[in-house]
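As structure tokens, the structure follows; a few thoughts come after it.
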Amino acid sequence: MLYRQMGRTGDELSILGYGCMRLPCIKGKIDEIRTEAQIISAVEKGVNYFDTAYLYHQGKSEVVLGKVLSKGYRDKVRIATKLLPLLVNSRQDMEGILSTQLKRLLTDHIDYYLIHSLIDRKTWDRLKESGIIEFLEEEKRKGTIRHTGFSFHGDRNDFKAIVDDYPWEFCQIQLNYLDKDSQAGLEGLRYAASKGLGVIIMEPLRGGNLVGKMPDEVRKIWEQAEIKRTPAEWALRWLWNFPEVSIVLSGMNEESHIEENIRIAGEASPNSLKPEELALVEKVREVYGRLMKIGCTGCGYCLPCPSGVDIPTCFSLFNSKYLFNDKTVGFQYLLTTGGFARSSPSYASLCRDCGKCEKKCPQQLPVRENLKKVTRELQGPFMKPLIWVARQYLGFRRLLKSGKGS
């Protein structure tokens, strides 16, 4: 495992950070046995930075992480968690949330405390009016918070203004080779680092869009490389090539992915990619930028939708139609969102235009407009009647099998 200094904090942290937003689950709940084994294995192989948040896994991420680390691993790692602005209107709110987090995490201090998902200067100004600076300074004085930072999804100019407005020690931004000019971007990375901040990277794989199944055009570009690497390795090495990057977070929940990421994190040093390799990454970026229609990372912050729409799934299938020229997407959409795999339908046209999703979307996507595109292209006029007939038929079959229909 390679390590880099986290800005002015002086901490030497693993360049691979363990993201706890997408822990392995069984029937919608965290698989605690498997999660514990994965976390302990990562710690023993050198990962020493763990990132969670108040709302991840409906509040259970902090609880499970705390349980695992309390078994003799707490002193070997740094814990990062976050304060969500949407839940804060007063100093009392801040203190109550932090108190809950300390209890969940079974610790007396948070190593790295972030203001969660700032999207603009206006939100930061509102928090200041509510007493956020006084709260952070007091908790640092008491030792319950060691280092202060913020995560950001918004305009680059607002990012710079927030960086300059408080003596932050670190920040967290979305960055990958597809988003190098979006949000804070590479310019924001370099600006924050020049101010002495450690910089943590989230969404290095764009919510999984840069790995796994890939367009043929992309596959052919990667095949041109002299050194063969997986798409995940290309994405991670591209980020670690920048000396300004302190940590890259990965939401790891598969043992093979953990092993691969740790291997790469033991090899990827700054400025190690050759010019011709960087040129290949740029070609892949151009292809994805042309083919990808909706910039959703699948984070799920937009959920639950009051109308029941499974927004990330709708957008993922819509992107698949263009990324992979997939002719089966319409059928997949019917099966996935039609209510056959769950108790009720979750297709795009259920949207009632309330706009709550857009207020919560870190990417600031026009979610409602995009759902209308999904409706037009994936549903068609016969989908709702077809779903109704199919559900009635399946319900009748279940009734017959139970013996109640005879």
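The values are calculated or read from the model by the stated rules, or taken from the named source; none is laboratory data. Everything numeric here is computed off the predicted structure, so don't read it as measured data. Glycine also receives a Cβ, built like all others from the backbone with ideal geometry; neighbour counts cover every protein chain displayed.
The listed residues are D164, D108, and the only one of them that is surrounded by fewer than 15 Cβ atoms within 10 Å (Cβ to Cβ), touching a residue at least 24 places away in the same chain (Cβ under 8 Å) and closer than 22 Å to N48 by Cβ turns out to be D108. Here the stretch 302-352 is the region considered, the condition is being over 23 Å from the mean Cα position of the chain (by Cα) and among the small types (G, A, S), and the residue that is modelled with the highest pLDDT is S307.
Free of Cβ contacts under 8 Å to residues at least 24 places away in the same chain and more than 18 Å from S250 (Cα to Cα): does that describe G96? Yes; evaluated as a whole, the condition is true for this residue.
Of everything in the stretch 50-63, what is in a helix (DSSP H, G or I) and either small (G, A, S) or farther than 22 Å from V248 by Cβ (or both)? Give them in sequence order. If the condition is that a residue be in a helix (DSSP H, G or I) and either small (G, A, S) or farther than 22 Å from V248 by Cβ (or both), then Q58, G59, K60, S61, V63 are the ones that fit. Evaluate the following for Q58: is it closer than 30 Å to K360 by Cβ, assigned by TED's automatic domain parsing to the domain that holds L106, out of contact with any strand residue (DSSP E or B) (no Cβ under 8 Å at 6 or more places or on another chain) and surrounded by fewer than 15 Cβ atoms within 10 Å (Cβ to Cβ)? Yes.
Quick one: in the stretch 264-281, which of the residues that are charged (D, E, K, R) and surrounded by fewer than 14 Cβ atoms within 10 Å (Cβ to Cβ) is nearest to K29 (Cα to Cα)? Applying the filter and picking the extreme gives E267.
The residues listed here are R74, R22, R91; of these, the one that is over 22 Å from the mean Cα position of the chain (by Cα), closer than 26 Å to V199 by Cβ and surrounded by fewer than 21 Cβ atoms within 10 Å (Cβ to Cβ) is R74.
Let's see how each residue does on (1) assigned by TED's automatic domain parsing to the domain that holds A265; (2) out of contact with any Phe, Trp or Tyr (no Cβ under 7 Å at 6 or more places or on another chain); (3) on the phi > 0 side of the Ramachandran plot:
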residue: N176; (1), (2), (3): yes, yes, no
residue: A193; (1), (2), (3): yes, yes, no
residue: G212; (1), (2), (3): yes, yes, yes
residue: A235; (1), (2), (3): yes, no, no
residue: W240; (1), (2), (3): yes, yes, no
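Which of the residues spanning the stretch 5-19 are outside any strand (DSSP E or B) and either surrounded by 15 or more Cβ atoms within 10 Å (Cβ to Cβ) or not assigned by TED's automatic domain parsing to the domain that holds L249 (or both)? M6, G7, R8, T9, D11, I15 - these are the residues of the stretch 5-19 that are outside any strand (DSSP E or B) and either surrounded by 15 or more Cβ atoms within 10 Å (Cβ to Cβ) or not assigned by TED's automatic domain parsing to the domain that holds L249 (or both).
In the set (1) surrounded by 20 or more Cβ atoms within 10 Å (Cβ to Cβ); (2) of a type outside the set (S, T, N, Q); (3) out of contact with any Cys (no Cβ under 7 Å at 6 or more places or on another chain), the condition left unmet by C302 is number (3). Screening the stretch 194-291 for helices (runs of 4 or more DSSP H) wholly inside it with 3 or more residues that are under 27 Å from Q5 (Cα atoms) and in contact (Cβ under 8 Å) with a residue 12 or more places away in the chain returns the ranges 231-240, 255-265, 275-291. The set of residues from the stretch 137-153 being surrounded by fewer than 20 Cβ atoms within 10 Å (Cβ to Cβ), out of contact with any helix residue (DSSP H, G or I) (no Cβ under 8 Å at 6 or more places or on another chain) and touching a residue at least 24 places away in the same chain (Cβ under 8 Å) comprises just one member, G143. Looking at the stretch 194-205, can you tell me whether even one residue there is polar (S, T, N, Q) and closer than 30 Å to V163 by Cα? Scanning the stretch 194-205, I find at least one residue that is polar (S, T, N, Q) and closer than 30 Å to V163 by Cα, so the answer is yes. Restricting attention to the stretch 313-334, the residues that are without any contact (Cβ under 8 Å) to a residue 24 or more places away in the chain, of a type outside the set (S, T, N, Q) and assigned to a helix (DSSP H, G or I) add up to 1. Within the stretch 27-49, restricting attention to residues that are in contact (Cβ under 8 Å) with a residue 24 or more places away in the chain, assigned to a loop (DSSP other than H, G, I, E, B) and not basic (K, R), the residue that is surrounded by the most Cβ atoms within 10 Å (Cβ to Cβ) is V47.
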